[in-house]
Amino acid sequence: MGVPTGEVVARPMVARACGCLREFQHYAVDRYRAQRLAKFQKTRCEVCVEKLNTEQRQAAAVVPKKGEAFRLLPEAAQFALTRKADASWTGKLSANGQTVEAEGDGPHGLTLALARAWLSANGITAPAEEGEKPAAPAPTGAAKHPAPKPPPPSARPSLSNLPKKPG
């Protein structure tokens with residue numbers, strides 16, 4: 001069903017699904033007018049669609065993606081999942097002395113929901129731009145042993161500084 005061509009005989013204002021009034025065109029010859037009108041009334045206007053898309057993009061930028069959510073959890077984070085009689089799942093995530101709880105339909109989605117809930121409760125969000133490291137929480141205790149530093153390039157083996165074999 002394409003948009004008809006020809007003379008426009010009327011332009012009534014019709015309410016869209018979002019509640020906004022928009023102009024609908026009546027053509028002189030339009031055998032699909034009823035279907036076009038029904039579809040027009042079931043859809044949102046362009047302004048409301050753009051507003052919804054913008055809100056969804058902003059919300060997605062705050063929520064870490066699946067892999068990122070699990071990487072941002074601290075060491076020794078513990079999940080506890082329980083299957084209930086109605087086949088749904090409930091679970092807890094404990095890390096750094098804080099516990100969050102959630103319910104879900106399956107263990108995979110539940111663990112992600114728990115990870116995101118814990119990160120949200122601790123004010124940790126997704127990276128602002130691609131390639132940028134996320135803001136992770138500060139460690140609770142000071143590290144007793146700093147991370148070892150790599151050896152300088154001169155100390156690394158290469159063909160020029162290998163010991164010569166006798167012979």
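Any read-out appearing in this document is the output of simple, stated calculations on the displayed coordinates, not a laboratory observation. All of these numbers come straight from a predicted model, not from anything done at the bench. For neighbour counting, all protein chains shown are included, and Cβ atoms are generated from backbone atoms with ideal geometry for every residue, glycine included.
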Subject >> Scaled radius of gyration (Cα, divided by 2.2 N^0.38 Å) that region 64-121 gives >> reply: 1.06
Subject >> Where chymotrypsin sites (Phe, Trp or Tyr not before Pro) fall in DSSP loop in region 32-78, at most 16 other Cβ within 10 Å >> reply: Y32
Subject >> In region 74-129, trypsin sites (Lys or Arg not before Pro) in a DSSP loop with at most 11 other beta-carbon atoms within 10 Å >> reply: K84
Original post:
How many percent of Cα pairs in region 8-59 exceed 15 Å?
Top reply: 52
